[in-house]
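A short write-up of the structure that comes next.
The values are calculated or read from the model by the stated rules, or taken from the named source; none is laboratory data. These numbers come from a predicted model, not from an experiment. Note that each Cβ is placed from the backbone with ideal geometry, even for glycine, and that neighbours are counted across all protein chains shown.
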Amino acid sequence: MTDSPLIHLGSLLRADEDAHAEGTLDHLQYEQGGVAHTLPFAEPASFEVDVNSLGGSEMYLQGSFEPVLTMDCARCLREVLVPLEITLGTLLRYDPSADAPYLEEAETGEEVLVFGDPNLDLSAYLAETTLLAAPLSVLHDPECRGLCQVCGHDLNLGPCEHMAQVPVEEIDDDLGIPEGSGHAKQNPFAALRDLKLPDE
Ligand SMILES: [Zn+2]
Ligand SMILES: [Zn+2]
């Protein structure tokens, strides 16, 4: 397990040598706006990055990152594992005056990761990329029946007394969706639809 995802760019900056780094992370620790954050992963997440010089202080990073996030089902709140397969690709720029690495938008609209320490810590970059790639909400099962809005009973386990009179087939599909999460029915997680998740 790697503590933080570092890639050493000293020889690339001195002699244009390509750089490579790989490892696994069980969490990412990073700072954003002066506040320390931790992004935990459900399983060790492997990363692999290559950096090639583009001449001068510019270079290109490409690679992959495969974290597994733990999210709550939008209807019944049970935990759902959300595996992500992220393709990394970003411009880098070395600027010795930069304290911590930060993302900046270039004139072309592309994102540039600006860094000042040749031992580049990718924690904040990987965390931000992961959060952007994560779905807004997930369901543990597309057919999840959610919680009873009266007593909170998990309707996946069977009807409660508030539902007893309603035949299960007639239960409105929207029932049990917490207010404001109507977008849960849209498809940011369409890719997960075929995913078999373990029953609890
Ligand atoms: Zn659910
Ligand atoms: Zn109930």
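Do we have any residue at all in region 77-87 that's part of a loop (DSSP other than H, G, I, E, B), surrounded by 14 or more Cβ atoms within 10 Å (Cβ to Cβ) and within 16 Å of ligand 2 (Cβ to nearest atom)?
The initial filter retains those residues of region 77-87 that are part of a loop (DSSP other than H, G, I, E, B), namely 77-78, 84-85.
Filter once more, keeping what is surrounded by 14 or more Cβ atoms within 10 Å (Cβ to Cβ): 77-78, 84.
Next, from what is left, pick out any that are within 16 Å of ligand 2 (Cβ to nearest atom): 77.
Yes; the residues of region 77-87 include at least one that is part of a loop (DSSP other than H, G, I, E, B), surrounded by 14 or more Cβ atoms within 10 Å (Cβ to Cβ) and within 16 Å of ligand 2 (Cβ to nearest atom).
Of everything in region 26-55, what is of a type in the set (Ser, Thr, Tyr) and touching a helix residue (DSSP H, G or I) at 6+ places or on another chain (Cβ under 6 Å)? Give them in sequence order. So that I can check it myself, show each step before the final result.
The initial filter retains those residues of region 26-55 that are of a type in the set (Ser, Thr, Tyr), namely 30, 38, 46, 53.
Result: 30, 53.
What tally of residues in region 35-44 results from selecting those that are free of Cβ contacts under 8 Å to residues at least 40 places away in the same chain and either closer than 19 Å to residue 113 by Cβ or of a type in the set (Ser, Thr, Tyr) (or both)?
1
Here's the yes/no breakdown for (1) assigned to a loop (DSSP other than H, G, I, E, B); (2) at pLDDT 95 or above:
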site: 143; (1), (2): yes, yes
site: 152; (1), (2): yes, no
site: 160; (1), (2): yes, no
site: 169; (1), (2): no, no
site: 180; (1), (2): yes, no
site: 184; (1), (2): no, no
site: 187; (1), (2): yes, no
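Would you point out the residue of region 127-141, among those that are loosely packed, with under 15 Cβ neighbours inside 10 Å and assigned to a helix (DSSP H, G or I), that is farthest from ligand 2 (Cβ to nearest atom)?
By that ranking, first place goes to 132.
What single numbered condition from (1) out of contact with any His (no Cβ under 6 Å at 6 or more places or on another chain); (2) surrounded by fewer than 18 Cβ atoms within 10 Å (Cβ to Cβ) fails to hold for residue 45?
So the condition that residue 45 fails would be (2).
Is it the case, given these coordinates, that residue 31 is without any contact (Cβ under 8 Å) to a residue 60 or more places away in the chain and among the acidic types (Asp, Glu)?
In short, no.
If you take the residues in region 137-157 that are among the polar types (S, T, N, Q) and more than 9 Å from ligand 1 (Cβ to nearest atom), which one is nearest to the chain's Cα centre (by Cα)?
The extreme case among them is 137.
All but one of (1) of a type in the set (Gly, Ala, Ser); (2) assigned to a strand (DSSP E or B); (3) more than 20 Å from residue 136 (Cα to Cα) hold for residue 56; state the number of the condition that does not hold.
(2)
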